[in-house]
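The values are calculated or read from the model by the stated rules, or taken from the named source; none is laboratory data. Being a predicted model, the structure only gives us computed values, none of them experimental. Because the Cβ atoms are built from the backbone with ideal geometry, glycine has one as well, and the counts that use them run over all protein chains shown. Side chains included, ligands, DNA and RNA excluded: accessible areas come from the protein's heavy atoms. Shrake-Rupley method; radii C 1.70, N 1.55, O 1.52, S 1.80 Å.
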Amino acid sequence: MFASVARVIVLPPPGHGAAGHDQLAQSDIVARIRAAGVAATGAAGAEEVLADLGFSLAGDEVVLLLSSGPLDGLARSLPAMLDERFGEHRQI
């Protein structure tokens, strides 16, 4: 799934429904991604992801959000941050 990906940031899995199935912890997910040879880190929440990407992105990357849930609001906050930083309407 992550072939040719530079790195992956993993948020903690949601707790709802965890009682009904074996759910991996965030650290287990990160470890499995790393074991596949992909750089991976865990993040506590959206603010940490936004800070990381705000610092590390140059503007020519592709950022993919992949989830079956709300990703702590990143689907709304990340595009807004990217528009502010890299959009045509940004102030220099």
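See the values below:
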item: Any hit, the stretch 28-39, residues being free of Cβ contacts under 8 Å to residues at least 40 places away in the same chain, closer than 20 Å to Arg76 by Cα and of a type in the set (Asp, Glu); result: no
item: Some residue of the stretch 53-68 being charged (D, E, K, R), outside any helix (DSSP H, G or I) and under 23 Å from Met1 (Cα atoms); result: yes
item: Candidate set: the stretch 44-66, residues that are without any contact (Cβ under 8 Å) to a residue 12 or more places away in the chain and within 17 Å of Pro12 (Cβ to Cβ); chosen: the one most open to solvent (accessible area, probe 1.4 Å); result: Glu47
item: Matching residues in the stretch 21-44 - criterion: being assigned to a helix (DSSP H, G or I) and either on the phi > 0 side of the Ramachandran plot or in contact with a Pro (Cβ under 8 Å, 6 or more places away or on another chain) (or both); result: Gln26, Ile29
item: Residue check, Ala75 in a loop (DSSP other than H, G, I, E, B) and modelled with pLDDT of 90 or more; result: no
